Amino acid sequence: MAVHAHPDDESSKGAATMARYASEGVDVLVVTCTGGERGSILNPKMDRPDILENMGEVRRLEMDRAREILGVRQRFLGFVDSGLPEDENEALPEGCFAVQSLPDASAPLVAAVREFRPHVILTYDDNGGYPHPDHIMTNRVSVEAFEAAGDPDRYPDAGEPWTPLKLYYHMSFSKERFEALHEAMTAREMGSPYGDWIARWEDRPEKWDVTTRVPCADFFETRDRALLAHATQVDPDGFWFVCPREIQMEVWPTEDFHLARSLVDTTVPEDDLFAGVHAEAPTACS
């Protein structure tokens, strides 16, 4: 189970990993906390009045197409997108996802965990990967659901208890990865878009270490098609596709994660999200 804040997040974080496991017969569910209704249009070609007026429906259709490409299942939890404030002191919209109480925001996810019964859950770190209020809340509800879903005394109306075994944070947006891509492009005398990204990391040490690198380069093409399905959010001529896929496959053929919680014995570094799970649950599904 991969828990994300908005439609498109699943295609920019861990998509190749999900596609790989799905191709191997693993049952993969993407849980999308909000509908992305307040998302900005980041593709100039989609900046049209008809899109703006129907943003929620458009993003649901984009999500459905991306889900189909990745070969996974998907469900919305039904919360309203909080938007990204321009000022840190700006109040969030009334009733949006990020202002919900933790129990109210977590209950639907606990129910989804108990129904789907995942062994592995993927989510963001405690800063949301980047400090969008919905991403931070997504981390909070994911940790709450991981810890509460197996406890019959917590969320008693959310279904029969189920205990997931491992919780991971996405780590693919790391300084180390961008430095490697930057160096590869520079060595080939190509213009690199990553210099500014790397500079922003200089005074910001990584909080979480990478424990798990999942080989999935063969699914980068699938990831890219899923990204392009989110046409309002992803410009086909933009940042995501500046580095040629062949270089990415050669230089950084994995998607990376931090093992935040584990109830099974495993040894890091890992190359499999199910390390330690297979012995206890031979028919494990994600």
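Computed over the chain with a Gaussian network model linking Cα atoms closer than 10 Å, the most mobile of ASP235, ASP134, ASP50 is ASP50.
Taking 0.36 nm per residue of separation and subtracting the current Cα-Cα distance, fully stretching the chain between LYS207 and ALA91 would add 39.0 nm. Note on LEU61 and GLU189: the extension gain reaches 42.1 nm, defined as 0.36 nm multiplied by sequence separation minus the Cα-Cα distance. Charge tally around ARG154: other residues with Cβ under 10 Å, Lys/Arg +1 each, Asp/Glu -1 each, net -4. Of the GluC sites (Glu not before Pro) found in the stretch 53-109, those that fall in a DSSP loop while having at most 15 other beta-carbon atoms within 10 Å are GLU86, GLU88, GLU90, GLU94.
Which net charge results for the neighbourhood of GLU255, defined as the other residues with beta-carbon distances under 10 angstrom from its beta-carbon, given Lys and Arg at +1 and Asp and Glu at -1? Charge balance near GLU255 sits at +4. DSSP finds beta bridges in the stretch 135-284, and of those with both partners inside it, around 90 percent are antiparallel.
Surface composition of the stretch 140-286: carbon and sulfur atoms hold 50% of the protein heavy-atom accessible area at a 1.4 Å probe.
Seen from GLY95, the other residues with C-beta closer than 15 Å to its C-beta sum to a net charge of -4, counting Lys and Arg as +1 and Asp and Glu as -1.
Reported to the nearest whole Å, the Cα centre-to-centre distance from the stretch 107-150 to the stretch 9-31 is 16. In the full protein context, the chain carries 46 Å² of accessible surface per residue, based on a 1.4 Å probe and ignoring ligands, DNA and RNA. The DSSP beta bridges internal to the chain are antiparallel in roughly 40% of cases. Among the GluC sites (Glu not before Pro) within the stretch 123-193, those in coil by DSSP and having at most 12 neighbouring Cβ atoms inside 10 Å are GLU189. Model label points for LEU52 and ASP126, set 7 angstrom from Cα along the Cα-to-Cβ axis, are 4.0 nm apart.
The values are calculated or read from the model by the stated rules, or taken from the named source; none is laboratory data. Quick caveat: nothing in here was measured; it's all calculated off a predicted structure. For neighbour counting, all protein chains shown are included, and Cβ atoms are generated from backbone atoms with ideal geometry for every residue, glycine included. What goes into the accessible areas is simple: the full protein's heavy atoms, side chains included, and nothing from ligands, DNA or RNA. Shrake-Rupley method; radii C 1.70, N 1.55, O 1.52, S 1.80 Å.
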